[in-house]
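Written below as structure tokens is the structure these notes are about.
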Amino acid sequence: MKQFYPYIIEILQILILLAVAPIFVGWIRTLKCWLQSRTTAGLFQPYRDITKLFYKDVALAENASWIFRFTPYLVFGVTVLAGGIIPALSVDLPLASTADIIALVALFAIARFFIALSGMDIGTAFGGMGSSREMMIASLAEPAMLMAIFTVSLVSKSTSMSQMVQVVAHGEFVLRPSLAFAFLAFVLIAIAETGRIPVDNPATHLELTMIHEAMILEYSGRHLALIEWAGMMKLFVFTALGIASFFPWGIAAAGNISAIPAAFVFLIIKLCIAGICIVLIETGLAKMRIFRVPEFLGSAFLFATLGLLSYFILE
């Protein structure tokens with residue numbers, strides 16, 4: 001029976017990703033409404049939005065190709081697969097031996113590539129504008145993200161997420177300046193990758209500020225529901241990645257099945273704290289101009305480089 005435990009944990013982790021990601025987004029929206037003295041729609045409003053979209057019919061443009069139809073399913077599936085790589089509850093995952101941080105970045109790149117293609121597929125001005133902006137951000141964010149996570153992998157001597165969690169959480173506790181720099185870089189990258197303020201505003205449809213929303217304007221019905229759900233899961237995945245890389249305490253060690261309930265409680269607490277931090281950042285900052293985004297991501301790359309250099313110099 002023990003040989004099936006990793007698969008049970010993997011299925012449980014994916015179910016948590018599917019179920020908790022909309023609640024996490026609802027938590028962020030609720031906190032933002034409370035902070036701005038506005039009435040909130042509740043934690044479960046994202047569920048109602050997704051359900052309503054699934055019931056609506058799909059409207060397709062006459063010149064839509066197979067890329068436009070296939071992209072929502074690919075983006076949804078790739079995001080679920082990415083969530084199965086990151087150890088959110090336990091390091092005992094079947095994918096741990098075959099998938100590492102490089103594979104995780106590649107999965108994000110695949111999803112971004114196809115959604116950018118689908119944005120240009122219809123031939124609208126908004127889709128092409130959003131795709132070009134998305135590719136600009138990707139060309140700056142992905143190298144910085146690899147540099148930041150490689151700093152953690154140097155500490156653990158492995159690019160495997162499970163090994164990184166095992167070393168940082170269950171090894172000797174050491175305060176490392178390299179991880180502090182890498183964490184600052186990761187926060188800036190996560191804001192850009194998930195389309196949050198100040199890089200992008202997920203609640204706007206203004207033509208001069210749209211990035212992600214511009215690429216999905218032509219989607220409707222279940223296609224839009226899958227993309228919106230995948231966007232919520234991407235925010236959850238990046239938060240889980242940050243937790244696993246820099247705050248992995250509470251994640252169950254290999255073979256420790258009894259620690260899974262406690263790991264779930266720790267995960268919920270960390271998500272609540274992460275939601276508070278996201279709301280404070282978005283409330284305290286304004287949306288920056290698109291031409292300032294390269295400077296923003298350049299700062300992230302600088303922090304990641306400082307983290308990598310400080311590891312070799314100090315450790």
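Details
- Here the stretch 187-246 is treated as a sphere whose radius is the Kirkwood value from Cα pairs; by Stokes-Einstein at 4 °C and 1.567 mPa s it diffuses with a coefficient of 104 µm²/s.
- Listed by chain and number, the lysines whose C-alpha is less than 29 Å from the C-alpha of residue 234, apart from same-chain residues fewer than 8 away, are 32, 52, 56, 157, 270, 287.
- Between the alpha-carbon centres of the stretch 239-286 and the stretch 72-127 there is a gap of 20 Å.
- DSSP loop chymotrypsin sites (Phe, Trp or Tyr not before Pro) with at most 16 other Cβ within 10 Å: longest gap in the chain: 45-172
- Estimated from the Cβ-Cβ distance and a Förster radius of 41 angstrom, the FRET efficiency linking residue 103 and residue 276 is about 0.85.
- Short-range pairs are left out: with C-alpha atoms under 8 Å and at least six residues apart, the relative contact order of the stretch 92-212 is 28 percent.
- For the stretch 55-99, the carbon plus sulfur part of the accessible surface works out to 60%, probe radius 1.4 Å.
- Whole-number Å³ per residue for the convex hull built on Cα positions in the stretch 178-315: 140
- Carbon/sulfur fraction of accessible area - the stretch 153-222, other protein chains in place, 1.4 Å, %: 62
- Segment residue 55-residue 203, extension gain: residue separation times 0.36 nm, minus the distance between their alpha carbons: 51.1 nm
- A convex hull fitted around the alpha carbon atoms of the stretch 35-168 yields 185 Å³ per residue.
- The trypsin sites (Lys or Arg not before Pro) of the stretch 112-209 meeting both criteria, a DSSP state outside H, G, I, E and B (loop) and at most 10 other C-beta atoms within 10 angstrom of the site's C-beta, are 157.
- Once the Cα gyration tensor of the chain is diagonalised, semi-axes √(5λ) in Å: 31, 23, 20
- Inter-label distance, residue 37 to residue 139: 4.6 nm, where each label sits 7 Å from its Cα along the C-beta direction.
- In the full protein context, the chain carries 46 Å² of accessible surface per residue, based on a 1.4 Å probe and ignoring ligands, DNA and RNA.
- Counting only protein chain heavy atoms and rolling a 1.4 Å probe, the accessible areas of 270, 56 rank, largest first, as 56, 270.
- Cβ-Cβ FRET estimate between residue 7 and residue 254, R0 fixed at 22 Å, reported to 0.05: 0.95
- Whole-angstrom gap from the stretch 9-57 to the stretch 139-183, using each part's C-alpha centre: 30
- Pairs of Cα atoms farther than 18 Å apart, the stretch 105-176, %: 54
- Mean shadow area of the stretch 241-315, taken as a quarter of the surface of its Cα convex hull (nm²): 7.4
- For the chain, the relative contact order works out to 29 percent when only alpha carbon pairs closer than 8 Å and six or more residues apart are counted.
- For the stretch 36-82, the Rg and Dmax computed from alpha carbons only, in angstrom: 15.5, 45
- If you sort 18, 93 by accessible surface, 1.4 Å probe, largest first, the order is 18, 93.
- You can think of it this way: the chain between residue 302 and residue 73 has 78.9 nm of extra reach, that is 0.36 nm per residue less the Cα-Cα gap.
The values are calculated or read from the model by the stated rules, or taken from the named source; none is laboratory data. This one's a predicted model, so the numbers in the text were calculated from it and none came from an experiment. Here the Cβ is made from the backbone with ideal geometry for all residues, glycine too, and neighbour counts use every protein chain on show. Side chains included, ligands, DNA and RNA excluded: accessible areas come from the protein's heavy atoms. Shrake-Rupley method; radii C 1.70, N 1.55, O 1.52, S 1.80 Å.
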